[in-house]
Amino acid sequence: MRVVVLTGAGISAESGVPTFRDVGGLWEGYRVEDVATPEAFARDPDTVLRFYDERRHAVTFAEPNPAHLALARLEASLGDDLLLVTQNIDDLHERAGSRRVLHLHGDLGSALCEVCGTRSPIAEDLAGRPACPACGRPTLRPDVVWFGELPYGLDEVDVALAECDRFVAIGTSGAVHPAAGFVLTATGFGAATMELNLVESDVSLLFDEVRHGLASMLVPAWVDEVLAAA
Ligand code: NAD
């Protein structure tokens with residue numbers, strides 16, 4: 001049985017990492033257009049660099065919750081038959097033990113050089129303008145995918161969606177494309193689809209089955225069901 005799981009900010013909410021849209025459409029008090037677009041970075045790079053430095057520091061204090069741990073347990077059983085695709089830029093899946101994680105929107109712990117394109121682990125705050133380890137220029141930006149930029153790994157996701165038997169979306173609002181459309185692709189290729197979310201999302205109607213509740217409760221229960229049937 002091949003499974004594709006898509007996770008969003010909701011899976012990390014109970015770890016104390018705030019989601020995006022739940023409080024008045026702001027992300028940690030900022031408008032998305034002011035911190036998560038290439039235009040915002042061009043206009044006010046200091047604010048954007050500080051914002052992601054703060055997010056990175058905050059995530060180091062967070063711990064994976066039972067939902068992250070359950071998905072690591074699923075991978076331990078299914079191996080390469082599971083592809084875990086996340087829109088999250090935190091590393092809580094990896095810290096829970098997941099090894100095969102595709103970060104569609106990049107990773108808070110990584111920097112991208114605007115000049116040479118090298119991706120490198122962040123060793124110090126980007127707001128201090130450290131040098132790129134590859135080319136030596138002080139031109140590092142967060143290695144996160146901003147609105148208007150192309151997500152990472154879409155070709156791999158497309159293949160996995162075409163081949164999977166089940167597609168499950170967890171804690172994602174269905175407001176950010178292309179991830180919001182994955183359910184349509186999976187359905188088109190014949191997969192059974194399920195959404196696990198606190199409340200109805202923008203795309204709930206597209207799923208075969210929808211379960212409402214906390215990710216920390218729903219995900220371990222669903223993983224138990226899958227493993228019992230495997
Ligand atoms: P979103 O914030 O737009 O939506 C979060 C969804 O999670 C909502 O539908 C909400 O109902 C649900 N939710 C909240 N708490 C939940 C819980 N305890 N259990 C189950 N569901 C819960 O998130 P998104 O769809 O992932 O889009 C947000 C974008 O912002 C992404 O592109 C991501 O890169 C970025 N972001 C990432 C993080 C992170 O890395 N943890 C946090 C905030 C924003």
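The values are calculated or read from the model by the stated rules, or taken from the named source; none is laboratory data. Note that the coordinates shown come from a computational prediction; the quantities given were computed from them, not determined experimentally. Glycine also receives a Cβ, built like all others from the backbone with ideal geometry; neighbour counts cover every protein chain displayed. In case anyone asks, the SASA skips ligands and DNA or RNA and just uses the protein heavy atoms, side chains included. Shrake-Rupley method; radii C 1.70, N 1.55, O 1.52, S 1.80 Å.
So in the range 71-114, with the set limited to residues that are farther than 20 Å from T172 by Cα and touching a residue at least 60 places away in the same chain (Cβ under 8 Å), which one is nearest to the ligand (Cβ to nearest atom)?
Only one residue tops the list, namely R73.
Out of (1) outside any strand (DSSP E or B); (2) at pLDDT 95 or above; (3) more than 16 Å from F51 (Cα to Cα), what's the single condition that is false for D90?
Here D90 meets the rest and fails (3).
Table: residues versus (1) more than 15 Å from the chain's Cα centre (by Cα); (2) farther than 22 Å from F167 by Cα; (3) in a helix (DSSP H, G or I).
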position	(1), (2), (3)
V4	no, no, no
S15	no, yes, no
D53	yes, yes, yes
R56	no, yes, yes
A62	yes, yes, no
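Yes or no: D125 open to solvent by 40 Å² or more (accessible area, probe 1.4 Å), closer than 26 Å to A62 by Cα and within 11 Å of the ligand (Cβ to nearest atom)?
It is false that D125 is open to solvent by 40 Å² or more (accessible area, probe 1.4 Å), closer than 26 Å to A62 by Cα and within 11 Å of the ligand (Cβ to nearest atom).
Would you say A127 is out of contact with any Pro (no Cβ under 7 Å at 6 or more places or on another chain) and not assigned by TED's automatic domain parsing to the domain that holds A9?
yes
Here's the yes/no breakdown for (1) buried (at least 20 other Cβ atoms within 10 Å of the Cβ); (2) of a type in the set (D, E); (3) at pLDDT below 95:
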site	(1), (2), (3)
S15	yes, no, no
D22	no, yes, yes
P38	no, no, no
S77	no, no, no
L102	no, no, no
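Say we look at the range 132-182 and pick out the residues that are within 16 Å of the ligand (Cβ to nearest atom) and among the acidic types (D, E); which of these is farthest from P121 (Cα to Cα)?
E149
Among the residues of the range 166-178, is there at least one that is at pLDDT 95 or above, out of contact with any strand residue (DSSP E or B) (no Cβ under 6 Å at 6 or more places or on another chain) and charged (D, E, K, R)?
no
Are there any pairs, at least 6 apart or on different chains, whose C-beta atoms fall under 7 Å, with the first in the range 192-221 and of a type in the set (S, T, Y) and the second part of a loop (DSSP other than H, G, I, E, B), and if so, which?
Listed pairs, sorted by first residue: T193/F207; T193/D208; S201/T172; S201/S173; S201/G174; S216/E14; S216/N65.
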